[in-house]
1. Helix 303-315 against the longest principal axis of the chain: what's the angle in degrees, Cα atoms only, rounded to the nearest 10?
2. Got a sec? What order do C270, C55 fall in by accessible area at 1.4 Å, biggest, i.e. largest, first?
3. Per residue, how much accessible surface does segment 76-137 expose to a 1.4 Å probe? Answer in Å², no decimals.
4. What list of whole percents do you get for P(r) of segment 167-212, with Cα-Cα distances grouped in 10 Å bins up to the one holding the largest distance?
5. So which lysines pass the test for K19, namely a Cα distance under 20 Å, with those fewer than 8 places away in the same chain ruled out?
6. In what sequence, largest accessible area first, do D77, D98, D241 appear using a 1.4 Å probe?
7. With the full set of protein chains in place, find how many percent of the accessible area of the chain is carbon and sulfur; take the probe as 1.4 Å.
8. Could you report segment 219-320's accessible area per residue, 1.4 Å probe, as an integer in Å²?
Amino acid sequence: MDKKDIASLNLQELEIELKAMGLPKFRAKQIYDWIHKKGVTEFSEMTNISKDLICKLNDNFVIFSCTIEKKLVSRYDNTVKYLYSLPDGEYLECVVMDYKYGHTICVSTQVGCKMGCAFCASGIGGFKRHLRPSEILSQIYTAQRDLGLRISRIVLMGMGEPLDNFDNVMKFLALVSDENGLNIGMRHISLSTSGIVPRIYDLLERKPQLTLSVSLHAPNDEIRSRIMPVNKSWNVDQLLDACKVYADTTSRRISFEYAMMKGVNDTPECARELSKRLKGILCHVNLIPANEVKEKAHTRSDDASIEQFKSILEKNGLNVTIRRTLGSDINASCGQLRREKILENQN
Ligand code: SAH
Ligand code: SF4
């Protein structure tokens, strides 16, 4: 029998599991606390649990944890990038950024990605598998343990499409915001999606207080379908309708991500068209100088085009920022370390 993934269980589920083993309710709380508050990775580290019980737990459960394969620290801004390995031989990346208001972690939700965006390194090699709640949590616990600090904000912007792994991601969100665990408030969590429209409505039904980031990257279907195949299933109108409903219902601003690629989506016409499309939506636009990826054709827009694009959006009343590049010396954009490792293993 496969051992159960204990760190993916919520407190109630753990109580039920332990009850079936004849154990009292308070044990569940103790064990949950060790895993989710103290971040232990072995039952033997649980000092208020008897040896007998530790043996029983080891027979029935496993505490999932990632292994650090590589760690890069930026000389410029303390950004830390991890390459983690998983027991089945897969690799994940995660980045910890040191902001004025605390440490933010960028986590992955899948190994690989199905969405096939033309500019993204995460999808090269296709989709491998979904990550379980414990595998998303462990990216945080492992970094906290290694760095000896507490993470205060989370962005689901690493490898994978979070809304394509809906149930596991919803469970992760519940676990990470649980007051018996890390207790990171939903207002300190952002989820980024390429635009799986039905899942945006599903998310809305859960009434989460998280920030929704939408990877828009183009002002119209012609450009967006060329660089993001998901647009052929749900077009810009359908996506923006869902965004408007989401923002109106939650009163939370949508953050539109727009990666600036030279000659692709960075012209003044694109800026004017984007301004028109976003009119009336409670939102913020985040312009990202695109990261160049060896295997991909696009190049980054120059600073002058980005500034001009920003000023057109601002003249049209939009709230705009240009994302500053963190960890530029350690290649902090997602997917690249994993690619290097996979290629290294093939040689
Ligand atoms: N799958 C989700 C979340 C992970 S990608 C999504 O697509 O939103 C996180 C962000 O990085 C997205 O906004 C994505 O469009 C962006 N991104 C991917 N590759 C990029 C690149 N080469 N340059 C700049 N941004 C990129
Ligand atoms: Fe997947 Fe997001 Fe990359 Fe698109 S940008 S391939 S959705 S991870």
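The values are calculated or read from the model by the stated rules, or taken from the named source; none is laboratory data. No experiment lies behind these values; they were computed from the predicted model shown. Note: ideal-geometry Cβ built from the backbone for every residue, glycine included; neighbour counts use all protein chains shown. Only protein heavy atoms, including side chains, enter the accessible area calculation; ligands, DNA and RNA are left aside. Shrake-Rupley method; radii C 1.70, N 1.55, O 1.52, S 1.80 Å.
1. Tilt relative to the chain: about 80 degrees.
2. Numbers: C270 10, C55 85 Å².
Correct descending sequence by accessible area is C55, C270.
3. With all protein chains present, segment 76-137 gives 34 Å² per residue.
4. Histogramming segment 167-212 at 10 Å steps yields 25, 59, 15, 1 percent.
5. K3, K4, K29, K51, K56
6. D241, D98, D77
7. Looking at the chain in its full context, I get 49 percent from C and S.
8. On a per-residue basis, segment 219-320 sits at 47 Å².
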